[in-house]
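A.B. asks: Please find one structure pasted underneath; my questions will follow.
The values are calculated or read from the model by the stated rules, or taken from the named source; none is laboratory data. If you're wondering where the values come from, they're calculated on a predicted model, not measured in any experiment. Virtual Cβ from ideal backbone geometry, glycine too; neighbours counted across all protein chains shown. Ligands, DNA and RNA are stripped out before the accessible areas are found, and what is left, the full protein with its side chains, is counted by its heavy atoms. Shrake-Rupley method; radii C 1.70, N 1.55, O 1.52, S 1.80 Å.
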Amino acid sequence: MEQQQTKTNYPALYTLIIVFFFWGFIAAGNSVFIPFCKNYFHLDQFQSQLIDFAFYTAYYIGALLLFIFSSIGGKDLVGKWGYKKVSFMVYYFLLWEQQQ
């Protein structure tokens, strides 16, 4: 008797879980990073909370830019190039900018 194999999306689910875990871990690190910056740079409360605002705003702007570029081009960049290639290009760009 033949068994039919059902295609599942478990690898995508595992990737999503890992990404959200790391995102949460980095976001939780802000609770330690903000008081450090507040003491080290002698910031008041408003200035120290701008660090948190900038952290979440960066995610929003990145997603918005990806949406705009995808809408203008009419194609999904991540779907077209693949998740691994796009991730590599982003990391390469970030590391290249730090070297400059």
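A.B. asks: Could you list, ordered by first residue, the pairs with Cβ atoms under 9 Å in which the first is in segment 47-60 and over 16 Å from G29 (Cα atoms) and the second is modelled with pLDDT of 90 or more and of a type in the set (K, R), at least 6 apart or interchain?
C.D. replies: Close Cβ pairs satisfying both conditions: Q47/K38.
A.B. asks: Name every residue in segment 21-31 that is over 19 Å from Q49 (Cα atoms) and either in contact with a helix residue (DSSP H, G or I) (Cβ under 9 Å, 6 or more places away or on another chain) or modelled with pLDDT under 85 (or both), in order of residue number.
C.D. replies: Matches in segment 21-31: F22 only.
A.B. asks: Take segment 8-28 and flag every residue that is more than 18 Å from K84 (Cβ to Cβ), of a type outside the set (A, V, I, L, M, F, W, C) and under 15 Å from the mean Cα position of the chain (by Cα).
C.D. replies: G24
A.B. asks: Still on this structure, I have one more. Pull up segment 1-15, narrow it to residues that are modelled with pLDDT under 80 and of a type in the set (A, V, I, L, M, F, W, C), then point me to the one that is least open to solvent (accessible area, probe 1.4 Å).
C.D. replies: Of everything passing the filter in segment 1-15, A12 is least open to solvent (accessible area, probe 1.4 Å).
A.B. asks: When only residues in segment 48-86 that are open to solvent by less than 80 Å² (accessible area, probe 1.4 Å) and more than 21 Å from W23 (Cα to Cα) count, which is modelled with the highest pLDDT?
C.D. replies: I68
A.B. asks: Right, here's the next one. Can L94 be described as closer than 26 Å to P11 by Cβ and open to solvent by less than 100 Å² (accessible area, probe 1.4 Å)? Give the derivation first.
C.D. replies: Details: closer than 26 Å to P11 by Cβ: yes; open to solvent by less than 100 Å² (accessible area, probe 1.4 Å): yes.
Judged against the criteria, L94 is a match.
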